[in-house]
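Worksheet: one structure, shown below.
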Amino acid sequence: MMTQRAGPTGAATEDTDMRLLHRTLAVPVCAALLAAACTGTSDPTGDPDLPAIVLGEDDIVLTAALALFDDCDALLEHLRTEYAARVGPRGFGGGGWLEPAIETEMADEAMADSDDSGAVSGAAPVEGVDFSGTNVQERGVDEADFVKTDGRRIFTLSGGELVVVDVGRRQVIDTVEVAEGSSPELFIDGDSLLLIVRSYDDDTHVSQTVLQRIDLSGGRLSIVDTMRVEGEYLSARSVGGIARVIMRYDPHHNFPFVYPQNPQGEDAAERVNREAVLNSTLDDWLPRYATGERDTAGGQQLTDCAEVHAPSVFSGFGVSTVMSVPVSGELDPSSSTAVTAPGDTVYASVDSLYVATTRWLDPELFADDEEGWRRAWQERRTALHRFDISSSGSASYEASGEVTGEIHNQFSLSEHEGHLRVVTTVRDPWGDESESHVRVLEQQGDELVEIGSVGDIGRGENVQSVRFAGDIGYVVTFRQIDPFYTIDLSDPADPSVIGELKIPGFSSYLHPISDDLVLGVGADADLDGRITGAKVSLFDVSDLADPREVSVWAAPDGWHDVGWDHRAFLWWAPERLAVVPVTVWQDFSGAVVLHVDDRSIREFGRVSHAESDELPGITECRKLTVDDLPSAGRSEFSTELEYLIVESSSEVLACEPGEAGMTGFDCHEEPYFEHEAARLELLRGNESVTICWWNHEPRRIVRSIVIGDELWTLSFKGWGFDASRRDRLEVHDLATLTPLAEVHL
């Protein structure tokens, strides 16, 4: 009999030695079974003592109501039974669920109100009036980001450090080295900061979330506390200074699962994997945490058993945990709540937090059944789990439900007057057929129940963006043209599509700027659906039955990140300015400032952080263009060199000795083309031919902030996250966009 001891949270956990013993014993059994499987034996064990759980998919009975566990033994029994019935020959990977891999003069006043320590005094600036905050989905619900401001200081991450910039003095006042990891994000509350970092333990091969409390009350940054939690950081929201940090934990790596080498071994592998599940302990299922620099492998169970819940409908393998952390308070593990379901999308209102998981399918289950594969794909469902966050305490898990189809992103969800609105898309696996719906759910007891829906939206197209504003919803779909739909949700039980507008291109992000106007930030396209550049549209929705695109700004060959990171977009209502980070192929990288009035969009100006040596296309050589070619060569190519000059994305240079290269391009001298160039009479004197291909990593503007009458922009060089990179802040006059200062971080 295995001995048990009470864990620090009240959970019963097995002794470490016994936990290792049961894992060790499982290995030889697995090896023996697989050895038999390789011989092609249909029943390689014949062992009557193995668990007699041979449930088929039709035999699985889903829980009818929310399961609560006051007792750790009951929780463990539920986990063993629930997952043993679903584990397959490839462990949880065959379970059918994807766990994948949002004004006044300030400078002089700030200097007067700041001392050398960086502490501030006087009346605090007001967000939305004196400065702009993070672009969020819902008013009153802050979203974590890698840059934050309180109107007097800017906090951001650069080079593995947290950096504080005094706005009035336009200089860095302090830095502190923070936990290693990727994609760090912040919340601030006065002089208190909460840092959240994605990390990975190379020894245990477990994704971790690192939380750090950082204090600036003494004028110097100091790390007050550090906590490491097993699980991948998904997202975080903060309401009233209480941050809700959502993490997803995959227990798959804790089990000694085996994998068949051929179909004959599948039955044996499944029996072994089921045995591993039935021998599991709570340590195998629930994430652990450790404080300071200690390893989570020897840590304590994060969530008390009484706060672990099972949804009313099976929602996949894994655990989603919501940890409630006061931004200016303690890191308290007892404030966590968990649901036995892997989350992938997070949405929050001021009262509710929703975690969604979309069902994925294992194609091996339908290897010889194309019609079954299509039908199963079209019947995929998204599970939704609601947590009550209306109080300052721990999030309270309230209800679960399902809807047919998949969701696009967090903007596909919206809560209004007690109802959850969800936009889902039902499609076949090849994307040839699709239809989107707006569904309305209501909490009834511990279940989220669909009470109304409207479909027939964007047939054959994919959802590109969604936005809800009160009783109105806007949905954009795209395949060749952009249908912009307006939806009436005033009657939750009977939503209806009111209007539809078809235009080229699509909006990947929608931002209502008044009751009658919506900005759409996305891509331009031709009538065949080929994307041609970046685009910002102004939609007049004063007549919901007849929405109109009244003005457009476009950047041919341009693109932006707003569609997948809405925090990169800034709308400054006092001046009616929109700031959009844009990169244009071989031409520009920075931010475009647009002025929007009631009927038009006008480019107000551009901001770029590029220095002269960073600007692409600078060369001492002579660029060869179509004008250098004989007239016949402009439409018919007799040489490859003509094609490169006219049709390809390369640059062809004629370089004198000592001249070479082009900024932002990979260039190579090509003697092969010398004879073609001579025949076309393209070269002069001692020139040679060099071919250059664009390989520029521009200094991209990734965030924009208005503080008083200044526009602050944050940039970094490259495309992905690099903990060693050094970012830069620039300050521009908001009225003229004249550069005022640079702050190197």
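At a glance:
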read-out	value
Residue within segment 387-403 that is in a loop (DSSP other than H, G, I, E, B), modelled with pLDDT under 95 and of a type in the set (Asp, Glu) present	no
Residue that is within 27 Å of the chain's Cα centre (by Cα) and surrounded by fewer than 22 Cβ atoms within 10 Å (Cβ to Cβ), where the choices are Leu286, Leu302, Leu278, Leu331	Leu331
Single residue of Gly151, Gly181 found to be on the phi > 0 side of the Ramachandran plot and at pLDDT 95 or above	Gly151
Condition met for Glu461 (surrounded by 17 or more Cβ atoms within 10 Å (Cβ to Cβ), within 22 Å of Val313 (Cβ to Cβ) and of a type in the set (D, E, K, R))	no
Counted residues, segment 423-453 - those being of a type in the set (A, V, I, L, M), within 22 Å of Arg479 (Cβ to Cβ) and crowded, with 20+ Cβ neighbours inside 10 Å	2
From Lys502, Lys535, residue being assigned to a strand (DSSP E or B), under 30 Å from Ser235 (Cα atoms) and either at pLDDT 95 or above or in contact with an Asp or Glu (Cβ under 9 Å, 6 or more places away or on another chain) (or both)	Lys535
Selection from segment 658-685 of residues that are exposed (fewer than 13 other Cβ atoms within 10 Å of the Cβ) and more than 27 Å from Asp587 (Cα to Cα)	Pro671, Tyr672, His675, Ala678, Arg679, Glu681, Arg684, Gly685
Single residue of Ala356, Ala306, Ala383 found to be out of contact with any Phe, Trp or Tyr (no Cβ under 6 Å at 6 or more places or on another chain), within 24 Å of Asp283 (Cβ to Cβ) and at pLDDT 75 or above	Ala306
In segment 559-582, the residues that are of a type outside the set (A, V, I, L, M) and touching a helix residue (DSSP H, G or I) at 6+ places or on another chain (Cβ under 6 Å)	Asp561, Pro581
Scope segment 155-174; condition within 11 Å of Asp727 (Cβ to Cβ) and buried (at least 20 other Cβ atoms within 10 Å of the Cβ); matching residues	Thr156, Leu157, Ser158, Val163, Val165
Glu177, sole failed condition from (1) acidic (Asp, Glu); (2) surrounded by fewer than 18 Cβ atoms within 10 Å (Cβ to Cβ); (3) under 20 Å from the mean Cα position of the chain (by Cα)	(3)
Segment 543-554 residues that are closer than 13 Å to Phe484 by Cβ, paired with ones that are loosely packed, with under 15 Cβ neighbours inside 10 Å (beta carbon under 6 Å, 6 or more apart)	Val550/Arg599
Residue within segment 406-420 that is under 30 Å from His252 (Cα atoms), buried (at least 24 other Cβ atoms within 10 Å of the Cβ), out of contact with any His (no Cβ under 6 Å at 6 or more places or on another chain) and of a type in the set (Gly, Ala, Ser) present	yes
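Matching residues to (1) under 17 Å from Lys717 (Cβ atoms); (2) within 22 Å of the chain's Cα centre (by Cα); (3) surrounded by fewer than 18 Cβ atoms within 10 Å (Cβ to Cβ):
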| position | (1), (2), (3) |
| --- | --- |
| Pro547 | no, no, no |
| Trp553 | no, no, no |
| Asp557 | no, no, yes |
| Asp561 | yes, yes, no |
| Ala568 | yes, yes, no |
| Val592 | no, no, no |
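Residue by residue, here is whether (1) among the small types (Gly, Ala, Ser); (2) touching a Phe, Trp or Tyr at 6+ places or on another chain (Cβ under 6 Å); (3) part of a strand (DSSP E or B) holds:
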residue: Arg228; (1), (2), (3): no, no, yes
residue: Arg248; (1), (2), (3): no, no, yes
residue: Gln261; (1), (2), (3): no, no, no
residue: Arg271; (1), (2), (3): no, no, no
residue: Val277; (1), (2), (3): no, yes, no
residue: Tyr289; (1), (2), (3): no, no, yes
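The values are calculated or read from the model by the stated rules, or taken from the named source; none is laboratory data. Small disclaimer: the values here were computed from a predicted structure and weren't measured. So basically every Cβ, Gly included, is an ideal-geometry build from the backbone, and we count neighbours across all protein chains shown.
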